[in-house]
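The values are calculated or read from the model by the stated rules, or taken from the named source; none is laboratory data. Predicted, not measured: the structure shown is a model, and the values here were computed from it. Note: ideal-geometry Cβ built from the backbone for every residue, glycine included; neighbour counts use all protein chains shown. Just so you know, the surface numbers come from the protein's heavy atoms only, side chains and all, with ligands and any DNA or RNA stripped out. Shrake-Rupley method; radii C 1.70, N 1.55, O 1.52, S 1.80 Å.
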Amino acid sequence: MSAKQTRLSDWKESNISSPSTPSTPSNQVKRVLASPEFPVDTKKNKVYLSPLSETDSESMAEMEVATGEAHVQSVLKLEADDIAQISNALTEQLRAELSDMVKGIVQGVLSGLNEKIQSIERENKALKNENKGLKSRIQKLETEIEGAEQYSRRNCLRISGIPETGGENTDDLILKMAGDINADVSLQEIDRSHRVGRPRENKPRDIIVKLSTFRVRQRLFKSRTSLKTNGYAGVFMNEDLTKFRSGLMFTGRKLVKEKRILGAWSSNGTILFKDNEDNIHRIQKPEDLAPFESAAPRPN
């Protein structure tokens, strides 16, 4: 076979075994391939791949190690230099956030408490007004009840100082005393009489006598001024007062002894004081006693 025929045969085999690849236009940039084992060089839109030499591999490894060490040193340097500043910044930020959180909670709680307090104050005010009204009504009712009780005693007299003996008849004692002072009272005009209180050794108990009418009661009561001159020294006749009015009278007698007033007595259940200027005052409640209790005693 001639040399020319051998080249033609080789050309055919080459074209058959390796089909031609269409050429890339000159105005397109070829794709650059890279591999961890091969460096890439570009020159005039051509790519040349060549295996890394042992020296190049060692250089790249050293570069990577140096870069890693520099990064570690940078991190270590940041932690060492700025840890206090970062800590302070975080602390301040955390403190601010906690402060805002606490303020929000406190404001919410205070707002709820203020609303609750205002509600309680409104309820308390309403209750005070209601209580004031109830007290006024109770006081009025007590006054009315006390007045009704006193009125129920309008025909009664309380006599103290009459000696007490066993088996006595109080009606007889009253009739005898009335005769001695010329009161002109009959047995039919005595509704009922009796001793009151527990027995006492050294002092006789008072006698309550209820007369049939108010007129009879007044006739006997007006004759009390004759008791002392008719053998009844130490015997006293007074209106039968309620416990409340008896307390006012007790204070009145005390003021008389202290010479803060000239006299104290009752008339049809009404308590009357005469001051040191001869003025008469009606006493209805404890507050009415204050001016007389603070008055200066009259000179001897």
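Results for (1) part of a helix (DSSP H, G or I); (2) closer than 18 Å to residue 218 by Cβ; (3) of a type in the set (Lys, Arg); (4) modelled with pLDDT under 95, shown as yes or no for each residue.
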| position | (1), (2), (3), (4) |
| --- | --- |
| 135 | yes, no, yes, yes |
| 158 | no, yes, yes, no |
| 163 | no, no, no, yes |
| 167 | no, no, no, yes |
| 171 | yes, no, no, no |
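Of all residues being touching a residue at least 24 places away in the same chain (Cβ under 8 Å) and part of a helix (DSSP H, G or I) in the range 223-243, which is most open to solvent (accessible area, probe 1.4 Å)? Just the residue, please.
224
Residues of the range 97-148 being within 27 Å of residue 269 (Cβ to Cβ) and of a type in the set (Val, Ile, Thr), which ones?
Residues satisfying the conditions are 138, 143, 145.
Among the listed residues 271, 261, 283, identify the single one that is under 48 Å from the mean Cα position of the chain (by Cα) and more than 28 Å from residue 214 (Cβ to Cβ).
261 is the lone residue from the list that is under 48 Å from the mean Cα position of the chain (by Cα) and more than 28 Å from residue 214 (Cβ to Cβ).
Quick one: which of 165, 170 is buried (at least 18 other Cβ atoms within 10 Å of the Cβ) and of a type in the set (S, T, N, Q)?
170
Can you list residue pairs whose Cβ atoms sit under 7 Å apart, with the first residue in the range 283-295 being modelled with pLDDT of 95 or more and the second being open to solvent by 90 Å² or more (accessible area, probe 1.4 Å)? Count only pairs 6 or more apart in sequence or on different chains.
none
So, of the residues in the range 189-222 that are part of a helix (DSSP H, G or I) and among the charged types (D, E, K, R), which turns out to be least open to solvent (accessible area, probe 1.4 Å)?
It comes out as 217.
How many residues, within the range 244-257, are without any contact (Cβ under 8 Å) to a residue 60 or more places away in the chain and open to solvent by 70 Å² or more (accessible area, probe 1.4 Å)?
4
Kindly provide the set of residues from the range 173-186 that are part of a loop (DSSP other than H, G, I, E, B), surrounded by 12 or more Cβ atoms within 10 Å (Cβ to Cβ) and free of Cβ contacts under 8 Å to residues at least 40 places away in the same chain, ordered by number.
Matches in the range 173-186: 184, 185.
Contact list please: Cβ distance under 9 Å, first residue in the range 153-166 and in contact (Cβ under 8 Å) with a residue 40 or more places away in the chain and closer than 20 Å to residue 200 by Cβ, second residue of a type in the set (A, V, I, L, M, F, W, C) and part of a loop (DSSP other than H, G, I, E, B), pairs at least six apart or on different chains.
Qualifying pairs under 9 Å: 158/196; 158/241; 159/235; 160/235; 161/227; 161/233; 161/235; 162/235.
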